[in-house]
Amino acid sequence: MEVYKTSSELRAGILLKEDVYGKTKYPIMRKDTELTQEHIQVLQAFGVKRVKVEERVVQKDIPESEKDSSMNAEDILDNIPVSMYQLRKEYNEAVRVYKKEFNYWRAGQRPNVPKVRGFIIPLLEKFLKQKQMLTMLNEFSNPEEYIYHHSVAVGILAAAISNQMGYEKGDALQLGLAGALADCGMAKIAPSILEKTAFLTKEEYNEVKKHTLFSVKMIQDTPLLRQEMKLAILQHHERLDGSGYPRGEKMETISVFSQILAVADVFHAMTSERLYRVKHSPYKVIEMIKEEEFGKFDIKVVDALHRLVGNLSIGTRVKLTDGEVGEIMFIHRDTPLRPMIKKIADGVIIDLATHRGIAISKIVE
């Protein structure tokens, strides 16, 4: 039975039967939302006096997959997560070996692609199984060795994004390997430029822009990367609006694999601390890519990244960029990266949709 109830009469499990507005242009809650305690607190915070509800508590169906709990020993072992400590240890080892290989390239050797493949692919596979670890990549990096961390991380992110978009595992691993090798041409750029602690001059930046051509030349003969992956390496700094390099290509001339590498590259660069630039939070960066960089990247790729590292849920505890810690109370449909947060310290509710100077920094376990 549908009735109107005051906010003080509401309880968890009741269904909303009409959209609810709180002096807002868009509904703060949609019809057929199943109310939780957090929803009720949000309604009270917005000063909503009464709402139309269906007076029954929702019975949750147990998915068939959960009813059948029988798993063989191999499946169980396969689903035991690697500890964060172990995964970070393996990641750091990959960075160490990558740095060693990079120094060989600086000395004039061509990349040993089978060797790079040997230490990158197992790492990609582990991150594909534990995608929640992707939000930690920017914390694994350090500014002094950024270039090596960046290459390994771009490989991991590219594999995860393509997997999230529904590509076969073989394609995801191929693109992950391409991501790890995309900046191998940086070995041909003067160390004085790469290690500079101030912003680059126009001439220095023009030198850096040559690295995509160097990268392709260095890996063009390997049979371990398909032709479209080599093209993605060449194009990973191209942008859909023609503002990229080396050729200023536009729209349909830029492959989706190139765009996946581009988004992985930009996301890791902007979320990592560098010698001349502070890092931004992953949530802020996704927002910047969607808004400030709108038109440069394939929105399907950006949305896949958002689902991987930007998905937030009610009840999650987060740290904000101003240092405060709070709990997510409500997520706006139109600005999901800017939810309503209840501060732990004083219980004050802050709406990040209106407080644009503050963003979520990270999830607090």
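The values are calculated or read from the model by the stated rules, or taken from the named source; none is laboratory data. Treat the numbers as computed from the prediction; the structure is a model and nothing was measured. Every residue, glycine as well, gets a Cβ built from its backbone with ideal geometry; the counts of neighbours run over all protein chains shown. The accessibility values were calculated without ligands, DNA or RNA, using every heavy atom of the protein model including side chains. Shrake-Rupley method; radii C 1.70, N 1.55, O 1.52, S 1.80 Å.
Some values worked out for this structure:
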read-out: Verdict on Ile193 being in contact with a helix residue (DSSP H, G or I) (Cβ under 9 Å, 6 or more places away or on another chain), within 27 Å of Arg307 (Cα to Cα), touching a residue at least 12 places away in the same chain (Cβ under 8 Å) and β-branched (Val, Ile, Thr); value: no
read-out: Number of the condition not met by Lys230 [criteria: (1) within 24 Å of Ser255 (Cα to Cα); (2) open to solvent by 40 Å² or more (accessible area, probe 1.4 Å)]; value: (2)
read-out: Tally of residues being closer than 24 Å to Met270 by Cα, touching a helix residue (DSSP H, G or I) at 6+ places or on another chain (Cβ under 8 Å), modelled with pLDDT of 90 or more and not hydrophobic (A, V, I, L, M, F, W, C) across segment 337-365; value: 1
read-out: Residue selected from segment 189-203 under the condition not hydrophobic (A, V, I, L, M, F, W, C) and not in a helix (DSSP H, G or I), by the criterion surrounded by the fewest Cβ atoms within 10 Å (Cβ to Cβ); value: Thr197
read-out: Residues of segment 30-63 that turn out to be open to solvent by 40 Å² or more (accessible area, probe 1.4 Å) and at pLDDT 80 or above, as a count; value: 7
read-out: Selection within segment 300-338 - of a type in the set (Val, Ile, Thr), farther than 14 Å from Ser361 by Cβ and open to solvent by 40 Å² or more (accessible area, probe 1.4 Å); value: Ile314, Ile331, Thr335
read-out: Filtered residues of segment 242-281 (kept if touching a Ser or Thr at 6+ places or on another chain (Cβ under 6 Å) and among the small types (Gly, Ala, Ser)); value: Ser272, Ser281
read-out: Residue in segment 250-270 that is open to solvent by 20 Å² or more (accessible area, probe 1.4 Å), in a loop (DSSP other than H, G, I, E, B) and not hydroxyl-bearing (Ser, Thr, Tyr) present; value: no
read-out: Identity of the residue in segment 157-170, in contact (Cβ under 8 Å) with a residue 40 or more places away in the chain and in a helix (DSSP H, G or I), that ends up most open to solvent (accessible area, probe 1.4 Å); value: Lys169
read-out: Residue count for segment 217-236, restricted to those that are under 26 Å from the mean Cα position of the chain (by Cα) and β-branched (Val, Ile, Thr); value: 1
read-out: Test: residue in segment 205-228 that is assigned to a helix (DSSP H, G or I), more than 22 Å from Ile289 (Cβ to Cβ) and touching a Phe, Trp or Tyr at 6+ places or on another chain (Cβ under 8 Å); value: yes
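Table: residues versus (1) out of contact with any helix residue (DSSP H, G or I) (no Cβ under 9 Å at 6 or more places or on another chain); (2) modelled with pLDDT under 95; (3) open to solvent by 70 Å² or more (accessible area, probe 1.4 Å).
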{"position": "Pro111", "(1), (2), (3)": "no, no, no"}
{"position": "Lys115", "(1), (2), (3)": "no, no, yes"}
{"position": "Ile120", "(1), (2), (3)": "no, no, no"}
{"position": "Leu123", "(1), (2), (3)": "no, no, no"}
{"position": "Phe127", "(1), (2), (3)": "no, yes, no"}
{"position": "Gln130", "(1), (2), (3)": "no, yes, no"}
{"position": "Glu145", "(1), (2), (3)": "no, yes, no"}
{"position": "Ser151", "(1), (2), (3)": "no, no, no"}
